[in-house]
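Derivation of every value follows stated rules applied to the coordinates shown; laboratory data play no part. Predicted model, so just to flag it, every value in this text is computed and none were measured. Here the Cβ is made from the backbone with ideal geometry for all residues, glycine too, and neighbour counts use every protein chain on show.
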């Protein structure tokens, strides 16, 4: 009987553990992830840039080799441009449009353990999903006084 119970438990956790794709924990975008509900490394990095009003570095990340940095900088710069806080250069506008139409996929988390793969262009869609809404809310709160 104990063997059966142990077998069921192992099977259950194995299916759960292997049901999601492999991902790099340092590239996940999320504001309340994992069991402790903490922000991911990239969110903390951008939060520091926003807090220090480091517009130059945020603009630089628009052209980063990392798609997650490009996405976040495009969202931040787009928000600031819409508020008329900044003006984007022609090159930045072109890059932002490229990111808005990109099929690059990034991992985002929503909650304790669910990691989701989302196309970059979907972050600019008018119909956002739950985990994207969390990111949008975080951006609006953080950029309120930029």
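For residues that are surrounded by fewer than 17 Cβ atoms within 10 Å (Cβ to Cβ) and within 14 Å of the chain's Cα centre (by Cα), scanning just the range 46-70, find the one that is farthest from residue 96 (Cα to Cα). This residue is 47.
Yes or no, residue by residue, for (1) touching a helix residue (DSSP H, G or I) at 6+ places or on another chain (Cβ under 8 Å); (2) part of a helix (DSSP H, G or I); (3) within 24 Å of residue 144 (Cβ to Cβ):
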site: 59; (1), (2), (3): yes, yes, yes
site: 64; (1), (2), (3): yes, no, no
site: 71; (1), (2), (3): yes, yes, yes
site: 80; (1), (2), (3): yes, yes, yes
site: 85; (1), (2), (3): no, no, yes
site: 98; (1), (2), (3): no, yes, no
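You will find that of 107, 79, the residue that is surrounded by fewer than 19 Cβ atoms within 10 Å (Cβ to Cβ), under 18 Å from residue 134 (Cα atoms) and in contact (Cβ under 8 Å) with a residue 40 or more places away in the chain is 79 and no other. The residues of the range 31-57 that are outside any helix (DSSP H, G or I) and closer than 18 Å to residue 88 by Cα, listed by number, are 53, 54.
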